[in-house]
Amino acid sequence: MGPLSLLGAVAPFLLAVYFWRRSKGWALVFGLANPLVLTALLAMGSYFRGTATLNFHGLPGPQAFNLDRQTMLPKRGGGCVVDGSEWLGDDWRNFVLRSCVAVFGPMKGSPSGPYPEEPALTGLWTEAEWVKVADLRNGQISVGGKSRAVPSGARLLEAYAPWAEEEQASPPDVLWDDEDTAVRLQAKDFGAGAFAVRIGTRFYSRSEETTVLFAGEPARVVGYFWPKGIRPAGHRIPPVRPGT
């Protein structure tokens, strides 16, 4: 039935033209009842309320919900099944929201600060700071000489390093070398309120590095990143949704 959305987008306009000479009121009703108009109005309303999300369809990956790099808007997935009307509910709606950001600026509540490219987030950090497991679990870490609140720290540890022990202090090089299961945490300041936390783990033969980018005050999750070619284990849906 999805292709009927094309007819639904055209028919109200034709009816509005047909009724224009007979009844201006009905012509206005048909014009406003057009799904293109309704979708645009709903999208604009969500933008001004600060609740807008860019829609997508398909099986989400662990990075699918990262904030959009151009608009800093969060994303919402609609699942794997498509019906042919996505051009209206996704593409047209997203176009309206991108236009709102272009004209009126970032949506209220959007995290501010730089959005580094992935190589900068997943590559070698030469000026990284060590983070204690206890500090991240308590949601308060020091980055760039400032104390930053990370309310989601405990949930991130539970998702990506559930075996982390608080005695694994900074830096945990000895434990990393001697233990079969180990974690080491690093943080890097990217300026203007943006910073990232890297959770490096080793679980026997498997090693993984998850980088979480934060921005704004209070800090919000911007996105999750892994080195190129690395597929993270589990957690297709992030433990803490970007934008929150």
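The values are calculated or read from the model by the stated rules, or taken from the named source; none is laboratory data. Because the structure is predicted, anything quoted here is derived from the model rather than measured. So basically every Cβ, Gly included, is an ideal-geometry build from the backbone, and we count neighbours across all protein chains shown. To get the accessible areas, we keep the full protein, side chains included, count just its heavy atoms, and leave off ligands, DNA and RNA. Shrake-Rupley method; radii C 1.70, N 1.55, O 1.52, S 1.80 Å.
Placing pseudo-labels 7 Å out from each Cα toward the beta carbon at VAL81 and SER23 gives an inter-label distance of 3.7 nm. Please give the FRET efficiency for GLU158 paired with LEU4, using the beta carbon to beta carbon distance and R0 = 45 Å, rounded to the nearest 0.05. The calculated FRET efficiency here is 0.50.
Backbone geometry of region 216-223 corresponds, through the Karplus equation with coefficients 6.51, -1.76 and 1.60 at θ = phi - 60°, to 3J(HN,Hα) couplings of x, 9, x, 5, 10, 6, 9, x Hz, x marking Gly and Pro. Evaluated at q = 0.17, 0.19 Å⁻¹, the base-10 log of the normalised Debye intensity for region 1-103, with identical point scatterers placed on the Cα atoms, takes the values -0.84, -0.97. For the chain, the longest principal axis of the alpha carbon atoms and the long axis of helix 4-19 meet at an angle near 40°. Within the chain, all pairs of alpha-carbon atoms sorted by distance into 5 Å bins from zero give the percentages 1, 6, 12, 14, 15, 13, 10, 8, 6, 5, 4, 3, 2, 1, 1, 0, 0. Shown for the chain: the carbon plus sulfur share of the solvent-accessible area, taken with all protein chains present and a 1.4 angstrom probe, equals 59%. Amide H to amide H, with H built 1.01 Å from N, LYS75 comes under 5 Å of LEU54, counting only residues 5 or more places away or on other chains. Each label point was placed 7 Å from the Cα along the Cα-to-Cβ direction; for SER142 and PHE48 their separation is 4.7 nm. Any idea what angle helix 93-104 forms with the longest principal axis of the chain, computed on alpha-carbon atoms, 0 to 90 degrees, nearest 10? Long axis of 93-104 versus the principal axis of the chain: about 80 degrees. Calculated FRET efficiency, ARG231 to PHE13, Cβ-Cβ distance, R0 = 45 Å: about 0.45 to the nearest 0.05. Can you tell me the relative contact order of the chain? Whole percent, Cα pairs under 8 Å, sequence separation 6 or more. Contact order relative to length: 18 percent. Residues whose amide H falls under 5 Å from that of GLN140, counting only those 5 or more places apart or on a different chain, are VAL150, with hydrogens built in the peptide plane. Relative to the longest principal axis of the Cα atoms of the chain, helix 35-49 runs at roughly 40 degrees. Computed over the chain, the per-residue total of -39500 (n - 2.57) for DSSP H runs of n ≥ 4 gives a 222 nm mean residue ellipticity of -9000 deg cm²/dmol, rounded to 500.
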